[in-house]
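For reference, the structure is listed below as structure tokens.
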Ligand SMILES: Nc1ncnc2c1ncn2[C@@H]1O[C@H](COP(=O)(O)OP(=O)(O)OP(=O)(O)O)[C@@H](O)[C@H]1O
Ligand SMILES: [Mg+2]
């Protein structure tokens, strides 16, 4: 028998993920919610456009409008990432998994890689789909709309898909550190919604971090009309990815050390 | 052959010493019963053996190596710690398939262990719909995937009906017959007496006994014999004359000590005494176990 390798652990995680109906339900939910929000965000844009002020017309960003679905989609994809780890803690299956793959970094890395693959594909497909749906609805109302070849459009759509994948990884990290679904999802909601909502209350040093925060600075990547506050949106997204990497790093450390 | 070796194992949780300088071995070809009252540290010891919990001191090896250094763990060790440890939404077959591919085992092993545990018919059912007995079987199927030389079961008969208990007991015996080392924990002595060849008894994390089953049973002192005969008074005199101690038992029976049942039978035959009953009475195994662990149970009930 040849020694068990990383590829085996990857294969096992893929079998686990695809053999749960909840995976497919969550993905279906992701698309239903994403496309639904995109339709709502663009469906009435015609009236809005015609009654808009000059300043509002200047900031008119059909791409960002069709991608606002990210707001809700990040939660759904976060649930998917969380469950990859916390569902195993809830049942005790994590022990069985570690009996099969006692090298803990290998097991967690396999979960991260498989989830990344699924989240990158789902995130990209979702962002392209919401973009196309949103633009079609805008075109039907005869208001200015965007095309994939337009300036900054592809960057926003692809960047948006990566943003969602990064949130899924963040959720895996939270799930591993907190070991409970409810705790991890509550924390995720706090990070992506509560902190930005309370942004004004934080001390000055923290404001700098908000430039790289989900739903805040890191979400600048969704825009095609330049925002003077975030001249280089990919830097802001990169900063968020570094933060996610730090959380994942902590997850690897505690997963290695703790008894299960 | 020594398959599991536990050497000076100590495990602390905070200030609690849960396993205290414990040493024992598990040999191939026999069932080793791992016995102790609730909270004695059995599950903790098994977790350390499987690398799930880190020892505070001491070392544990499986087939001469640390568990995490085994190149293909499932081919060396199969374990069932908790039958509930399956995702209820996953089909039995997919559950086993995920475990098998994780060690690069061929897919046909999944069908083989499903057949061996009698689960072929429910392979495509979700584990959440399984009864406790079926979950135990699924857990055992998982443990057998890699055809391992060592098997570890934590309280496998807990909550099972008599048929399920019988099945698991016979199954463990057959695994040992095939030359595997089987370590099985329980807090029921009577259960172990019917399954185990060797006993490791712990209490409060300390080793209390490490002995063969037959030695353990023999060492529990002489038994008494229950005798029933229409000529009780006369036969009692003859027994006393032969050197036995006799007292009256329930329903005008005689409780005889100091003579084996065979000798009592011979005596009756010699005197032409009709015997209605001749039953060796062993002190119950449970009594022996409680005697052994009396000082080490965690929470002692107060007897009124
Ligand atoms: N993760 C943990 N943190 C703190 N204490 C623990 C932990 N795991 C076990 N213990 C304690 O260790 C002691 C031994 O527990 P263990 O589960 O090993 O006993 P056991 O012999 O398997 O008992 P049982 O027959 O009830 O299953 C118990 O007092 C338990 O409370
Ligand atoms: Mg236990």
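The values are calculated or read from the model by the stated rules, or taken from the named source; none is laboratory data. All of these numbers come straight from a predicted model, not from anything done at the bench. Reconstructed Cβ throughout: ideal geometry from the backbone, glycine too, with neighbour counts over all protein chains shown.
So is residue B:113 within 17 Å of residue B:183 (Cα to Cα), more than 14 Å from ligand 1 (Cβ to nearest atom) and touching a residue at least 12 places away in the same chain (Cβ under 8 Å) or not? Against the criterion (within 17 Å of residue B:183 (Cα to Cα), more than 14 Å from ligand 1 (Cβ to nearest atom) and touching a residue at least 12 places away in the same chain (Cβ under 8 Å)), residue B:113 does not qualify. If you scan region A:1-19, which residues turn out to be buried (at least 17 other Cβ atoms within 10 Å of the Cβ) and modelled with pLDDT under 95? Within region A:1-19, A:4 is the sole residue that qualifies. Filtered by the rule that a residue be over 23 Å from the mean Cα position of the chain (by Cα) and either more than 7 Å from every other protein chain (Cβ to nearest Cβ) or outside any helix (DSSP H, G or I) (or both), region A:81-104 gives A:90, A:92, A:94, A:97, A:101, A:102, A:103, A:104. The set of residues in region B:2-29 that are in contact with a strand residue (DSSP E or B) (Cβ under 7 Å, 6 or more places away or on another chain) and free of Cβ contacts under 8 Å to residues at least 40 places away in the same chain comprises B:2, B:25. Could you list, in sequence order, all residues of region B:74-94 that are part of a loop (DSSP other than H, G, I, E, B) and within 14 Å of ligand 1 (Cβ to nearest atom)? Scanning region B:74-94 gives B:81, B:82, B:83, B:84. With respect to the conditions (1) surrounded by fewer than 19 Cβ atoms within 10 Å (Cβ to Cβ); (2) more than 14 Å from chain B (Cβ to nearest Cβ); (3) part of a loop (DSSP other than H, G, I, E, B), residue A:209 lacks only one, and its number is (3).
Has region A:144-164 got at least one residue that is under 22 Å from residue A:249 (Cβ atoms) and buried (at least 22 other Cβ atoms within 10 Å of the Cβ)? Yes, that holds for at least one residue. State which residue is farthest from the chain's Cα centre (by Cα) when the search covers only region B:10-31 and only residues that are outside any strand (DSSP E or B) and more than 9 Å from ligand 1 (Cβ to nearest atom). Among residues in region B:10-31 that are outside any strand (DSSP E or B) and more than 9 Å from ligand 1 (Cβ to nearest atom), the one farthest from the chain's Cα centre (by Cα) is B:15.
Just checking, does region B:13-21 include any residue being within 15 Å of ligand 2 (Cβ to nearest atom), under 20 Å from residue B:211 (Cβ atoms) and more than 14 Å from chain A (Cβ to nearest Cβ)? No, the conditions are met nowhere in region B:13-21.
Within region A:133-162, the residues that satisfy the criterion of being closer than 22 Å to residue A:40 by Cβ and out of contact with any helix residue (DSSP H, G or I) (no Cβ under 8 Å at 6 or more places or on another chain) are A:136, A:139, A:140. One residue is enough: does region B:41-51 have a residue meeting the conditions out of contact with any strand residue (DSSP E or B) (no Cβ under 6 Å at 6 or more places or on another chain) and within 12 Å of ligand 1 (Cβ to nearest atom)? Checked region B:41-51: at least one residue is out of contact with any strand residue (DSSP E or B) (no Cβ under 6 Å at 6 or more places or on another chain) and within 12 Å of ligand 1 (Cβ to nearest atom).
For region B:32-73, residues that are over 25 Å from residue A:4 (Cα atoms), part of a loop (DSSP other than H, G, I, E, B) and within 16 Å of ligand 2 (Cβ to nearest atom) total 6. Scanning region A:224-236 for any residue that is part of a helix (DSSP H, G or I) and out of contact with any helix residue (DSSP H, G or I) (no Cβ under 6 Å at 6 or more places or on another chain) turns up at least one such residue. Among the residues making up region B:74-86, those that are facing chain A (nearest Cβ under 7 Å) and away from ligand 2 (no atom under 16 Å from the Cβ) are B:74, B:75, B:86. So, in region A:80-118, exactly how many residues are within 18 Å of residue A:29 (Cβ to Cβ) and in contact with a helix residue (DSSP H, G or I) (Cβ under 6 Å, 6 or more places away or on another chain)? Of the residues in that region, 6 qualify.
Looking at this structure, is residue A:32 assigned to a helix (DSSP H, G or I), more than 9 Å from chain B (Cβ to nearest Cβ) and either within 21 Å of the chain's Cα centre (by Cα) or buried (at least 20 other Cβ atoms within 10 Å of the Cβ) (or both)? Yes: the conditions hold for residue A:32. For region B:60-74, does any single residue satisfy the condition of being buried (at least 23 other Cβ atoms within 10 Å of the Cβ), closer than 27 Å to residue B:129 by Cα and in contact with a helix residue (DSSP H, G or I) (Cβ under 8 Å, 6 or more places away or on another chain)? So far as region B:60-74 goes, yes, one or more of its residues are buried (at least 23 other Cβ atoms within 10 Å of the Cβ), closer than 27 Å to residue B:129 by Cα and in contact with a helix residue (DSSP H, G or I) (Cβ under 8 Å, 6 or more places away or on another chain). Inspect all residues belonging to region A:165-184 and state whether any of them is within 14 Å of chain B (Cβ to nearest Cβ), assigned to a helix (DSSP H, G or I), touching a residue at least 24 places away in the same chain (Cβ under 8 Å) and under 25 Å from residue B:98 (Cα atoms). Checked region A:165-184: at least one residue is within 14 Å of chain B (Cβ to nearest Cβ), assigned to a helix (DSSP H, G or I), touching a residue at least 24 places away in the same chain (Cβ under 8 Å) and under 25 Å from residue B:98 (Cα atoms). Contact map, region A:200-226: residues that are farther than 30 Å from residue A:149 by Cα paired with residues that are assigned to a loop (DSSP other than H, G, I, E, B), Cβ distance under 8 Å, separation 6+ or inter-chain. Pairs shown: A:210/A:202; A:210/A:216. Residue pairs whose Cβ atoms lie under 9 Å apart, sitting 6 or more positions apart in sequence or on different chains, and linking a residue in region B:30-45 that is within 14 Å of chain A (Cβ to nearest Cβ) and over 18 Å from residue B:181 (Cα atoms) to a partner that is near ligand 1 (Cβ under 6 Å from one of its atoms) and assigned to a strand (DSSP E or B), are B:41/B:18; B:44/B:13; B:44/B:18.
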